[in-house]
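The values are calculated or read from the model by the stated rules, or taken from the named source; none is laboratory data. The structure presented is a predicted model; accordingly, all values stated were derived computationally and were not measured. No Cβ is skipped: glycine too gets one built from the backbone with ideal geometry, and neighbour counts run over all protein chains shown. Accessible surface areas use protein heavy atoms only, side chains included; no ligands, DNA or RNA. Shrake-Rupley method; radii C 1.70, N 1.55, O 1.52, S 1.80 Å.
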Amino acid sequence: MRLDKFLASMGKGSRSEISKLIRSSKALVNGVLVKAPDTKINPDTDVITLNSQIVKYKKYVYIMLNKPDGVVSATNDPNEKTVVDLVDTEDKLRGLFPCGRLDKNTLGLIILTNDGDTSHRLLSPKHHVSKVYKFKVEKPLSKSDVLSLEGGVDIGGYFTKPCQVKLYDDLTSGEITLTEGKYHQIKLMAEAVNNKITYLERVSFGPIVLDTSLKRGEWRYLSDTEEKLFLEGDKI
Ligand code: URA
């Protein structure tokens, strides 16, 4: 594996930031100074130092993707482009999958990881991890629509759990915070109050907030701080 890719996948910065650090003599491989970002290393056996600190190889990868329209939340699909297809990193070979699903036309934050246990835990309804979505609807929402949505509505035999709705002044857009994730939940909730979602974007998942500097389709590794928050996402 390349040294710059290794450091990027350990959350030490973007590839260009890391290249700069390596070129300015901040990286050692087994105690030897290297200045080429493409230096080949073996993450299992080589000792890598950056800014005088040893960078430990981590088994798990955590990636934030700003999902664009028209991409499915799956690992692979014979006919459709998937969120994993958008991530051009060797980490794909380490078994990346999306932590939860967004509909094909839903935009925004999706976390990709190979950490099955954490993903499973954070997605379990037991743990009530909050997810915030920005939405637009076809027709203005009334106060009573908002109260119904917040209290719980019937989406085909299932009553949604209490949630929060923040309605913007135009009455046709806002933010909804859910602690569960049934299939097409927000779209079905809008239908339950005789309305229709025309735009849906997830802006946070537990403590992780979408980095707005990422354009649609772009991704980056979670920083060390974000990674810690993500791992404790069910305790916040
Ligand atoms: N609710 C939906 O209806 N769709 C999503 O993608 C996410 C939540």
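The table below gives the values:
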read-out: Members of region 163-180 that are among the charged types (D, E, K, R) and either within 12 Å of the ligand (Cβ to nearest atom) or in contact (Cβ under 8 Å) with a residue 40 or more places away in the chain (or both); value: 175, 180
read-out: Strands (runs of 3 or more DSSP E) within region 26-124 that include 1 or more residues within 15 Å of the ligand (Cβ to nearest atom) and open to solvent by 20 Å² or more (accessible area, probe 1.4 Å); value: 107-113
read-out: Region 182-196 residues that are under 14 Å from residue 154 (Cβ atoms) and touching a residue at least 40 places away in the same chain (Cβ under 8 Å), paired with ones that are of a type in the set (Lys, Arg) and more than 8 Å from the ligand (Cβ to nearest atom) (beta carbon under 6 Å, 6 or more apart); value: 190/196
read-out: Tabulated pairs, region 130-141, first over 13 Å from residue 190 (Cα atoms) and open to solvent by 30 Å² or more (accessible area, probe 1.4 Å), second part of a loop (DSSP other than H, G, I, E, B) and away from the ligand (no atom under 13 Å from the Cβ), C-beta under 8 angstrom, 6+ apart or interchain; value: 130/206
read-out: Complete set of residues in region 181-236 that are among the charged types (D, E, K, R), surrounded by fewer than 16 Cβ atoms within 10 Å (Cβ to Cβ) and either part of a helix (DSSP H, G or I) or within 10 Å of the ligand (Cβ to nearest atom) (or both); value: 182, 191, 224, 228
read-out: Among residues of region 125-138, those that are in contact with a helix residue (DSSP H, G or I) (Cβ under 8 Å, 6 or more places away or on another chain) and assigned to a strand (DSSP E or B), counted; value: 3
